[in-house]
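The values are calculated or read from the model by the stated rules, or taken from the named source; none is laboratory data. The structure displayed is predicted, hence computed values, not measured ones. Glycine also receives a Cβ, built like all others from the backbone with ideal geometry; neighbour counts cover every protein chain displayed. Note: accessible area is taken over every heavy atom of the protein model, side chains too, but ligands, DNA and RNA are not part of it. Shrake-Rupley method; radii C 1.70, N 1.55, O 1.52, S 1.80 Å.
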Amino acid sequence: MGKTYFLGIDIGTQGARVVLVDDAGELIGSSEEGFPLSEASREEQLPDQWWEICFRLLRTVISEAGKQVDIGCVRAVAVTSTSGTVIPLDEHNRPLYNAIMYSDPRSAAQGVRCKEMAQRWHPGGYSGFNASSGLSKMVWFVETFPEKARSLSKWVHAADYITGMLSGCWGITDHTNALKSGFDVKDEIWPAYIYERLPLKKEWLPRVVPSGAPIGSLLPSLCTELGLSGAVQVVAGMTDGCASQVASGAVSPGDWNTTIGTTMVIKGVTLREITDPGDRLYNHRHPEGYWMPGGASNTGADWVSGAFGGDLRLLNEQAGQLIPTGQMAWPLCRQGERFPFIAPQALGFAPEGLSLAERFAANMEGVAYVERYAYELIRHLSGERVKAVFTAGGGSNSETWLIIRSNVLNLPIYKMKYVTGAVGAAILAASRTHFTSLTEAGRAMTQIEKEIRPRVEMAAGYEKSYRQFLQTLQEKGYIREDAYA
């Protein structure tokens with residue numbers, strides 16, 4: 001049987017990427033292009049500019065891939081983007097206004113109001129609204145531009161807009177995009193407070209389906225222009241964070257992903273929804289009915305370029321000879337932590353008198369201790385075992401750091417070959433059109449590049465140091481003795 005191929009599209013903040021992946025997860029083609037950005041791009045961008053660039057990338061990838069594979073075997077396409085970016089459309093599905101970006105701070109006051117409304121009128125549902133939430137931006141637009149709002153027909157997220165342009169199917173979104181627009185992913189409803197107590201209308205809100213659900217086919221005109229068959233299915237998309245989690249391989253209960261970039265983001269899959277009284281975690285809905293909890297720390301790898309801009313390869317080698325260091329360091333670059341504990345007064349720390357390599361190693365250990373604390377919190381709240389950690393981000397490129405983290409966690413760590421939102425979208429495209437589920441697609445289409453396992457003696461040494469790290473946090477007043485409260 002011949003190969004089948006899947007397209008993944010990622011609409012980012014600064015540009016777009018399109019990939020073509022086969023049913024074994026091999027990357028056949030990839031192309032990306034930046035958006036023309038200005039000072040205002042943090043607040044608003046042009047959806048039609050996204051589409052123009054997206055179509056150009058599709059044409060490039062398919063044209064190049066056609067030289068080596070049968071593009072008549074392209075089966076499906078999916079789109080990923082940020083959930084907080086929303087676009088108001090008129091009755092003809094044309095933008096009434098620019099895309100209101102997730103990073104636009106102008107809806108801060110509306111975010112506070114949405115949070116209060118959710119907590120009062122829909123307790124138990126999602127209430128983590130702020131300026132970056134889709135719901136806050138919808139309210140801001142209606143209150144700021146009442147004349148334009150009279151022509152409003154529907155709200156769409158960034159991924160939904162590209163999905164609509166591909167398929168002609170509008171007014172449909174997925175669970176992961178809908179969450180921060182106020183959808184109750186547990187009870188599968190738009191809570192009444194959204195349209196009874198906020199200035200929004202029920203008919204403006206999209207129908208919500210699981211990510212990966214087929215919702216239409218690629219428009220015939222696009223098939224002709226791209227040289228594809230008319231049998232290319234378009235499926236419901238997913239947020240960029242969740243798509244990257246899928247690409248990392250963390251798709252089954254007990255699987256978790258840590259991405260260490262500027263910050264550290266931890267996402268995984270559980271059988272049951274995690275209820276966190278401390279409001280440190282939130283839950284997306286897995287397409288198979290599981291839960292995809294996650295949280296984002298202010299701790300990450302931003303300290304590396306700031307203080308260690310020299311020969312990182314040499315520093316990593318030197319650090320590898322020093323671990324475990326037994327030193328207590330926490331490279332928090334700005335005041336305050338939000339996950340796995342909330343401590344707005346928290347400041348990073350490190351011992352005096354360390355060499356550059358010693359401080360580099362101790363900082364990597366400190367991030368690993370915070371990562372372990374997060375997974376212990378998750379185990380405490382969920383009652384479920386963390387089976388394996390899949391990793392991505394710039395921090396995963398350090399062999400020494402992978403060894404530290406595996407031994408601190410006392411778990412295997414897997415670094416996957418292709419971990420991008422676009423590849424996650426391609427796996428999602430295959431999940432219900434070629435495979436029977438996202439779990440099956442993830443297992444078939446993710447490839448392990450590197451596997452690190454803990455060593456008995458090193459793990460034992462880090463167990464002692466981790467307990468000392470927790471004690472240090474308690475002494476500084478950052479966590480309580482009841483560590484997971």
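Couple of notes before you dig in:
- Selection within region 428-465: residues that are of a type in the set (Asp, Glu) and surrounded by 13 or more Cβ atoms within 10 Å (Cβ to Cβ). The member of this set that is farthest from residue 19 (Cα to Cα) is 463.
- One residue stands out in region 36-55 among those that are part of a helix (DSSP H, G or I) and of a type in the set (A, V, I, L, M): the one that is surrounded by the most Cβ atoms within 10 Å (Cβ to Cβ), namely 53.
- Checked against (1) without any contact (Cβ under 8 Å) to a residue 24 or more places away in the chain; (2) open to solvent by less than 50 Å² (accessible area, probe 1.4 Å); (3) among the hydrophobic types (A, V, I, L, M, F, W, C), residue 215 meets all criteria but (1).
- Of the residues 325, 299, the single one that is in a loop (DSSP other than H, G, I, E, B) and open to solvent by 30 Å² or more (accessible area, probe 1.4 Å) is 325.
- Whichever residue in region 133-157 is in a loop (DSSP other than H, G, I, E, B) and surrounded by 21 or more Cβ atoms within 10 Å (Cβ to Cβ) and, among such residues, is modelled with the highest pLDDT: 152
- Which listed residue, of 160, 184, is under 20 Å from the mean Cα position of the chain (by Cα), open to solvent by 10 Å² or more (accessible area, probe 1.4 Å) and farther than 30 Å from residue 56 by Cβ: 184
- Residue match in region 302-320 (condition: touching a strand residue (DSSP E or B) at 6+ places or on another chain (Cβ under 9 Å) and either at pLDDT below 90 or small (Gly, Ala, Ser) (or both)): no
- Counted residues, region 1-21 - those being surrounded by fewer than 20 Cβ atoms within 10 Å (Cβ to Cβ) and closer than 14 Å to residue 427 by Cα: 1
- Any hit, region 248-265, residues being crowded, with 20+ Cβ neighbours inside 10 Å, part of a strand (DSSP E or B), touching a Cys at 6+ places or on another chain (Cβ under 7 Å) and not small (Gly, Ala, Ser): no
- For region 415-456, the set of residues classified as more than 17 Å from residue 401 (Cα to Cα), outside any loop (DSSP other than H, G, I, E, B) and charged (D, E, K, R) consists of 440, 443, listed by residue number.
- Taking every residue in region 154-172 that is under 18 Å from residue 188 (Cα atoms) and pairing it with any residue that is of a type in the set (D, E, K, R) and not in a helix (DSSP H, G or I), at least 6 positions away or on another chain, the pairs with Cβ-Cβ distances below 7 Å are 171/154; 171/207; 172/207.
- Residue, surrounded by the fewest Cβ atoms within 10 Å (Cβ to Cβ), within region 280-292, restricted to residues that are under 19 Å from residue 260 (Cα atoms) and modelled with pLDDT under 95: 282
- The residues listed here are 179, 228, 205; of these, the one that is hydrophobic (A, V, I, L, M, F, W, C), open to solvent by 10 Å² or more (accessible area, probe 1.4 Å), touching a residue at least 60 places away in the same chain (Cβ under 8 Å) and more than 20 Å from residue 50 (Cβ to Cβ) is 228.
- In region 99-112, the residues that are more than 17 Å from residue 199 (Cα to Cα) and among the small types (Gly, Ala, Ser) reach residues that are in a helix (DSSP H, G or I) and open to solvent by less than 10 Å² (accessible area, probe 1.4 Å) with C-beta atoms within less than 8 angstrom, at least six apart or across chains, in these pairs: 99/47; 99/50; 99/158; 99/161.
- When restricted to residues that are touching a Pro at 6+ places or on another chain (Cβ under 9 Å) and closer than 15 Å to residue 127 by Cα, region 279-303 contains 6.
- Close pairs from region 233-256: first under 19 Å from residue 273 (Cα atoms) and in contact (Cβ under 8 Å) with a residue 24 or more places away in the chain, partner open to solvent by less than 10 Å² (accessible area, probe 1.4 Å) and charged (D, E, K, R), Cβ under 8 Å, at least 6 apart: 238/174
- Residues of region 231-242 that are open to solvent by less than 10 Å² (accessible area, probe 1.4 Å) and modelled with pLDDT of 95 or more: 232, 234, 235, 236, 237, 238.
- Among the conditions (1) assigned to a strand (DSSP E or B); (2) crowded, with 16+ Cβ neighbours inside 10 Å, residue 33 misses just one, which is (2).
- Looking across region 378-398, the residues that are touching an Asp or Glu at 6+ places or on another chain (Cβ under 9 Å) and either crowded, with 23+ Cβ neighbours inside 10 Å or under 21 Å from residue 320 (Cα atoms) (or both) come down to 378, 389, 390.
- Matching residues, region 466-485, being open to solvent by less than 50 Å² (accessible area, probe 1.4 Å), farther than 16 Å from residue 349 by Cβ and hydrophobic (A, V, I, L, M, F, W, C): 483
- Scan region 187-202 for residues that are assigned to a helix (DSSP H, G or I) and open to solvent by 20 Å² or more (accessible area, probe 1.4 Å) and the total you get is 3.
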